[in-house]
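Structure record follows, encoded as structure tokens.
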Amino acid sequence: MPRQQVEEPFKINQKITAREVRLVGDNVEQGIYPTDQARKMAQEQNLDLVEISPTAVPPVCRVIDYSKFKYEQKKKTRELKAKQTKVVLKEIRFGPNTDEHDFAFKVKHAQEFLREGAKIKSYVHFVGRSIVFKERGEILLLKFAQALEDLAKVEQLPKLEGKRMFLYLAPKAAAVVKPATKAAAPADPKAEKKPAKPADAAPQPSETAPATTDAAE
């Protein structure tokens, strides 16, 4: 099967259909030119005429190396994607009768998540008739937010949705700890040069010094 032709994001050279264009850039005298003249100006520099703003009147064009231009555009796109951080949302579930030990355990986990930059969705799940304790659930979630106030800010106060009451927390910028870079591996002690023996301890020329190996160390 023939390879599907990829449509170029910009019109270039002969594909520019406007009668006249506005040239911009450093390598031309800026102004409005007939399109044929603008193309000729690009050809004289062994470059391309590229329509960068087709909706302008007249369209705006640059005289540039189109291959290099596309490469720079792709590079910028990759850099923007790299800078976009994916938001991780961690869930922490409570019951309306969560005891102190379990509460402290969940607070500890939430602290770790927040330091890693994750958001927290904590909720109290009401089973059966426990829905009558919704006030208790609200107090529990507010207590949870208070326990994390050094690391987190409240994005949404406790809100009842069906049988669950939700609280949303986001990490404070100062609380996020970047992963530490790996320390350099320590040098192999066997690779280190052994100190020379004192001159008076050296064997006499007529003697044979005993051989040493790593296994004998």
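The values are calculated or read from the model by the stated rules, or taken from the named source; none is laboratory data. What you see is a predicted model; the values in this text were computed from it and never measured. Neighbour counts run over all protein chains shown; Cβ positions are idealised from the backbone, glycine included.
Scanning the range 92-107 for residues that are surrounded by 10 or more Cβ atoms within 10 Å (Cβ to Cβ) and either within 28 Å of the chain's Cα centre (by Cα) or not small (Gly, Ala, Ser) (or both) gives Ile92, Arg93, Phe94, Pro96, Asn97, Thr98, Asp102, Phe103, Phe105, Lys106, Val107. Summed over the range 41-71, the residues that are out of contact with any Phe, Trp or Tyr (no Cβ under 7 Å at 6 or more places or on another chain) and either under 14 Å from Gln14 (Cα atoms) or not in a helix (DSSP H, G or I) (or both) give a count of 21. Identify all residues within the range 13-40 that are assigned to a loop (DSSP other than H, G, I, E, B) and farther than 18 Å from Tyr66 by Cβ; write none if there are none. Result: Arg19, Glu29, Gln30.
Scanning the range 137-162 for residues that are crowded, with 17+ Cβ neighbours inside 10 Å and not in a strand (DSSP E or B) yields a total of 9. Looking for something over 30 Å from Asp150 (Cβ atoms), at pLDDT 90 or above and loosely packed, with under 12 Cβ neighbours inside 10 Å - is there at least one such residue anywhere in the range 76-87? Taking every residue of the range 76-87 in turn, none turns out to be over 30 Å from Asp150 (Cβ atoms), at pLDDT 90 or above and loosely packed, with under 12 Cβ neighbours inside 10 Å.
Note on the range 124-136: residues that are part of a strand (DSSP E or B) and either among the hydrophobic types (A, V, I, L, M, F, W, C) or touching a Leu at 6+ places or on another chain (Cβ under 7 Å) (or both) amount to 1.
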